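Here's the structure, in structure tokens; my notes come after.
The values are calculated or read from the model by the stated rules, or taken from the named source; none is laboratory data. Because the structure is predicted, anything quoted here is derived from the model rather than measured. When we count neighbours, we look across all protein chains shown, and the Cβ atoms used for this are built from the backbone with ideal geometry, even at glycine.
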Amino acid sequence: MRRGDIALINQIRPLLRHYIVDHGPLRGLVQGAHEDAFLEQIVESLRRVKFVESVRLRGISSLRANPHSDLFDPIRAAIMYVKEGRDHDEACWLVFLSTLIGKHLHAGWVTTAQIYGALGDRNIWSFQRVQNDPMLFRQWLEAHQAGIQRKVGNHRKYLSLSGTKPHAAGSAVETYVTWVNERGTHKDLFDHALQQANQNPMAAFEILFESMTAVDTFGRTGRFDYLTMIGKVGLASLIPDSPHLIGATGPLAGAHLLFDGDKKSRTSATVLDRKLVELGNAIQVRMDVLEDAVCNWQKNPSNFVPFRG
């Protein structure tokens, strides 16, 4: 374990113990090994957040935005656009595509690159091009899906790349464009939510989380991951207000295990959501970090196993 990780655990552990004194036992952490593994997962999740922050501080090659380059990386490209103060819509679009397709454990962003890069065509599927004619994109996707490598992220393993079928990639893209078009641009969309929320980043997150149900295939996980990344990259002032456990699988099982000692306990998602917010406030950890940590911890509660999928 890295020296910095040990320091973080030593910082969080007493806060966790104070929480237990004030709120009662966390039944999933009765065994010492469970507590250690849980704290290590929190640190691992914090590292992922800090990774995005560290990328923002470094120089980023323009090739990160080129889908025809082996260096293509939609998240780094979005961060580059933010740093350079340009192409806000394109940056948000890249975050959307990265969430829609996901990063494959071994093949990386290859599928996102092939779709965004129109399979090597010089006329890529930029946001402006798709926004101007979503149906053209859907027709292209339907005609070319057989030539696209289906190397998607773990959370998107059931996604169809069809351009015409309902609840598939083409429908997701068209409904996403419609969602953004309600305000005209991504900036207008996010600014409107912040205005409604009196500039409260957490309240704005909740507003957008609910409105994004209009985007096909984006269930609870897709909406949470997309809006969280928009905030982390710096495209809008958004911070998750809660873990949004209703509709969750892994994070909900983790919360059941953490608070009740049983993944199948009958405590409602609403109650567990509130409890995780209280815990996060007590140990000074953001909701996206805690959501990620409980999800990964419940897979192996007595041993720390880093998640790479």
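Observations, loosely collected:
- Cβ-Cβ contacts under 7 Å between residues 6 or more apart (or on different chains), taken from a first residue in the range 260-282 that is more than 14 Å from Pro243 (Cα to Cα) to a second residue that is buried (at least 17 other Cβ atoms within 10 Å of the Cβ) and of a type in the set (S, T, N, Q), are listed as Lys263/Gln298.
- Per this entry, Val294 is not counted among residues that are more than 30 Å from Pro74 (Cβ to Cβ), at pLDDT 95 or above and hydrophobic (A, V, I, L, M, F, W, C).
- Comparison of Leu245, Leu238 shows that the only residue that is within 22 Å of Asp191 (Cβ to Cβ), aliphatic (A, V, I, L, M), in a loop (DSSP other than H, G, I, E, B) and in contact with a Ser or Thr (Cβ under 9 Å, 6 or more places away or on another chain) is Leu238.
- The set of residues in the range 26-59 that are at pLDDT below 95 and assigned to a loop (DSSP other than H, G, I, E, B) comprises Val30, Gln31, Arg58, Gly59.
- Residue match in the range 175-185 (condition: surrounded by 15 or more Cβ atoms within 10 Å (Cβ to Cβ), within 23 Å of Arg286 (Cβ to Cβ) and in the same structural domain as Ser126 (by TED's automatic domain parsing)): no
Results for (1) buried (at least 20 other Cβ atoms within 10 Å of the Cβ); (2) outside the structural domain of Val110 (by TED's automatic domain parsing), shown as yes or no for each residue.
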{"residue": "Leu8", "(1), (2)": "no, yes"}
{"residue": "Tyr19", "(1), (2)": "no, yes"}
{"residue": "Asp22", "(1), (2)": "no, yes"}
{"residue": "Leu29", "(1), (2)": "yes, yes"}
{"residue": "Val43", "(1), (2)": "yes, yes"}
{"residue": "Lys83", "(1), (2)": "no, no"}
{"residue": "Asp87", "(1), (2)": "no, no"}
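- No other residue among Met202, Met212 is in a helix (DSSP H, G or I), within 17 Å of Thr99 (Cα to Cα) and of a type in the set (A, V, I, L, M, F, W, C) apart from Met212.
- A single entry from Gly163, Gly184 fulfils the requirement of being part of a loop (DSSP other than H, G, I, E, B) and touching a Gly at 6+ places or on another chain (Cβ under 7 Å): Gly163.
- In the range 215-223, the count of residues that are under 19 Å from Met287 (Cα atoms) and of a type in the set (Asp, Glu) is zero.
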